[in-house]
1. Using the Kyte-Doolittle scale, find the helices of the chain whose mean hydropathy is at least -0.5 and whose Cα atoms extend 15 Å or more along the helix's long axis, counting only whole DSSP H runs.
2. If you average the sequence gap of Cα pairs under 8 Å that are 6 or more apart and divide by the length of the chain, what percent do you get for the contact order?
3. Which three lengths, in whole Å and largest first, does the stretch 146-187 cover when its Cα atoms are put on their principal axes?
4. One quarter of the convex hull surface, Cα atoms only: what value does that give for the stretch 126-204 in nm²?
5. Can you figure out the FRET efficiency of residue 118 with residue 93, using R₀ = 22 Å and their beta-carbon distance, to the nearest 0.05?
6. Add +1 for every Lys or Arg and -1 for every Asp or Glu among the other residues with Cβ under 15 Å from the Cβ of residue 89, and state the total.
7. When 1/r is averaged over all different Cα pairs and the result inverted, which Kirkwood radius in Å belongs to the stretch 92-170?
8. With a cut-off of 8 Å between alpha carbons and a minimum separation of six or more residues, what is the relative contact order of the stretch 119-219 in percent?
Amino acid sequence: MPIEPPPCAWNFPPVEAAGDDGLLALGADLEPATLLTAYRAGIFPMPLTGVREMAWFSPDPRGTIPLGELHVSRSLRRSIRRFQPTYDRAFADVIAGCADRRRRGGWITPAIRAGYTRLRALGWAHSVEVWDADGALAGGLYGVEIGGLFAAESKFHVRTDASKVAVVALVRRLEEAGGERLLDVQWTTPHLAALGARDVARPEYLRRLAAALETPPAF
């Protein structure tokens, strides 16, 4: 089971105080207790360009992938057969792939990478790896699991569709575990919408979050 860190040293504002862009607060740190407190309240960190302090967001609406509604296209089904997914086998390699600054829109800083690596050491952060036929890492994703909440943070690929295969593998893992689960993807991008992601209004998200936190973890 995950190890609970010492109590958080910070108090976050209520999520209802977030702006139209979802920005709630600046500052705090990326210690395990801070991250866990944030996720349990419906908050997540993301750096802002040109801003030294860490930014904390709670957007309304919130992007989620409803379990049982994942859309797997015919071409993605073919891709699934070309790859082998695993879980928690190469977390460091996955977060390194996600943090590659050559990726378009890369936002993972060394501080974020270190913070989630600490969470992984305590058993709260997890990875899904996708391997090609030669045994090379083709893509993957990582996120934070607290009870039945899985907050997907980032994904990457070096082979076509490998990150999508990672999403499919994650959904299957969560579905097999059963119970009240919430797969949080922060914002519903066109890429995620094609996989079945959809927006949830904040009151509904918080209701589902509270139920999910009472569910045993899938990992």
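1. Membrane-span-like by this criterion, though nothing is claimed about a membrane: 110-121, 162-177, 202-213.
2. After rounding, I find 24 percent.
3. Principal-axis extents of the Cα atoms in the stretch 146-187, largest first: 33, 22, 14 Å.
4. Dividing the Cα hull surface by four gives the mean projection, 5.7 nm².
5. With R0 = 22 Å, the Cβ-Cβ based efficiency is 0.80.
6. Cβ neighbours under 15 Å give a net charge of -2.
7. Result for the stretch 92-170, one decimal place: 12.7 Å.
8. Once divided by the residue count of the stretch 119-219, the mean separation gives 28 percent.
Throughout, read-outs are computed from the coordinates displayed, never taken from laboratory work. Since the model is a prediction, treat every value here as computed from it, not as a measurement. Quick reminder, even Gly has a Cβ in these numbers, built from the backbone with ideal geometry, and neighbours come from all protein chains shown.
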